[in-house]
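Trainee: Could you have a look at this structure, given as structure tokens, before my questions?
The values are calculated or read from the model by the stated rules, or taken from the named source; none is laboratory data. Note that the structure is a prediction, hence the values are computed from the model and not measured. Cβ: placed from backbone, ideal geometry, glycine included. Neighbour counts: every protein chain shown. These accessible areas exclude ligands, DNA and RNA; they are computed on the full protein's heavy atoms, side chains included. Shrake-Rupley method; radii C 1.70, N 1.55, O 1.52, S 1.80 Å.
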Amino acid sequence: MNDTEKRWRQMRDEYLQQIEAELTSIQHPRKKELLADIREHLERRYEELDPSQRTDSRLQEILEEMGPAEEYAELLKQPSSGKTELETVSPAFRFLNHFLTGVFVIVLVSVVGYKLHTADIKPQPDPLQDFILSYQPDPQIIGRWNTVDFVETPEQFVPDRRRSGQEFFFKEIEFYKDMKTSRAWLWSKGKLYFPDIKKEGEYRIRMIDGQEYLFLEWLPDQNPQTGRSPYYVLEKENPK
Amino acid sequence: MDLQNWQTQLRKGLLDIVVLNFLARGRCHGYEMVQELKKCRGLSVREGNIYPILARLQTDGLAEAGIEPGPGGPPRKYYTITERGKQILAEMNRHWDMIVAGVNQVRKGDNS
């Protein structure tokens, strides 16, 4: 990462933090999604700039063109409904209406509260969508990797003592630029998503003795007691 | 009167109808929508304005989001208008036409 990119990331993250701070004042189920959308938009603006145009002032202009951070919370809130019909009727009727509304609200809150307490009603998270929306690029992972070892922890791996030539259950994987892999899994920097079990595993790339190795957490063999998973170790195949 | 404040409030108030009308033309990505709306000079849309509106329209059931593969990059989110969104938009457009007609009537002094 060069200095310009570092500077841009810092500016972008500060802007996103300002928005996040403004959003704390309101309740809305899509706040996380909104931040991911803005982040993606900013990334595209940056990518579309010619490298020679990536000056501090131009990058600042991009953020200014997005609008002030406080506008997001304002626009996310429901628009006010204006004057209601109730405001045009007599005070006695208004009092009666408020009283009955109050009783109704108390009953409703009690019933819903009881239901929530007993049935554990929660909005259903969508781990796949969360994974896709939090995508981070990783040029290092792109390409084909072949298995060279299977270890309990990444620290256990010693290149000289690897079990090359042995038949591994998981033999190879290719990572594509569009988050996909040659398997049914998706990747984002440092993470691998397994849609069949709806879980995220991690991956790490380490340089050992001048050679790049990929350590891929193997969730299917996770120990249910400890929650720890073994790792496949892979070596990158050189493009022909 | 603070004219700039009035213009800002008017612009923000119109974003829902602008975004829904844009979605009624067909499914689109948020980024593409922003680039197109920026070209409509009279609207003075700020780039970030569209996203909270899209989030709110989804929560209200007027728009839906989906994900499709990106061309050589990560998957991208696209938006479509729902059936309920189309119904509400028809009402909004009708109401908007009435407002414009009413304002023009007053401007021309033909409000008898």
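Here's the yes/no breakdown for (1) in contact (Cβ under 8 Å) with a residue 60 or more places away in the chain; (2) open to solvent by 50 Å² or more (accessible area, probe 1.4 Å); (3) within 14 Å of chain A (Cβ to nearest Cβ):
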position: B:ILE50; (1), (2), (3): no, no, yes
position: B:PRO74; (1), (2), (3): no, no, yes
position: B:ILE81; (1), (2), (3): yes, no, no
position: B:MET92; (1), (2), (3): yes, yes, yes
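Trainee: Could you run through segment A:134-178 and say how many residues are open to solvent by less than 40 Å² (accessible area, probe 1.4 Å) and out of contact with any Leu (no Cβ under 6 Å at 6 or more places or on another chain)?
Mentor: Qualifying residue count for the region: 15.
Trainee: Go through the residues of segment A:7-19 one by one and say whether even a single one is touching a residue at least 60 places away in the same chain (Cβ under 8 Å) and within 9 Å of another protein chain (Cβ to nearest Cβ).
Mentor: No.
Trainee: What number goes with the only condition from (1) closer than 19 Å to B:ILE81 by Cα; (2) out of contact with any strand residue (DSSP E or B) (no Cβ under 9 Å at 6 or more places or on another chain); (3) acidic (Asp, Glu) that B:GLU36 does not pass?
Mentor: (2)
Trainee: Now, a different point. Considering only segment B:6-14, I want to know if a residue exists there that is touching a Leu at 6+ places or on another chain (Cβ under 9 Å) and closer than 30 Å to A:LEU128 by Cβ.
Mentor: Taking every residue of segment B:6-14 in turn, none turns out to be touching a Leu at 6+ places or on another chain (Cβ under 9 Å) and closer than 30 Å to A:LEU128 by Cβ.
Trainee: Kindly indicate whether any position in segment B:58-70 is more than 13 Å from chain A (Cβ to nearest Cβ) and either in a helix (DSSP H, G or I) or surrounded by fewer than 18 Cβ atoms within 10 Å (Cβ to Cβ) (or both).
Mentor: No, segment B:58-70 contains no residue that is more than 13 Å from chain A (Cβ to nearest Cβ) and either in a helix (DSSP H, G or I) or surrounded by fewer than 18 Cβ atoms within 10 Å (Cβ to Cβ) (or both).
Trainee: Still on this model: In segment B:1-37, what count of residues is obtained for those that are more than 12 Å from the chain's Cα centre (by Cα) and outside any loop (DSSP other than H, G, I, E, B)?
Mentor: Residues flagged as more than 12 Å from the chain's Cα centre (by Cα) and outside any loop (DSSP other than H, G, I, E, B) within segment B:1-37 amount to 13.
Trainee: Let me ask something else. On the given criteria, is A:TYR213 within 14 Å of chain B (Cβ to nearest Cβ) and modelled with pLDDT of 85 or more?
Mentor: Considered against the rule, which asks whether it is within 14 Å of chain B (Cβ to nearest Cβ) and modelled with pLDDT of 85 or more, A:TYR213 comes out as no.
Trainee: For segment A:198-240, give me each residue that is among the aliphatic types (A, V, I, L, M) and either within 17 Å of A:GLN140 (Cα to Cα) or touching a residue at least 60 places away in the same chain (Cβ under 8 Å) (or both).
Mentor: Hits for segment A:198-240 are A:ILE205, A:MET207, A:ILE208, A:LEU214, A:LEU216, A:VAL233, A:LEU234.
Trainee: Could you tell me whether B:CYS40 is closer than 27 Å to A:LYS177 by Cβ and of a type in the set (A, V, I, L, M, F, W, C)?
Mentor: Judged against the criteria, B:CYS40 is not a match.
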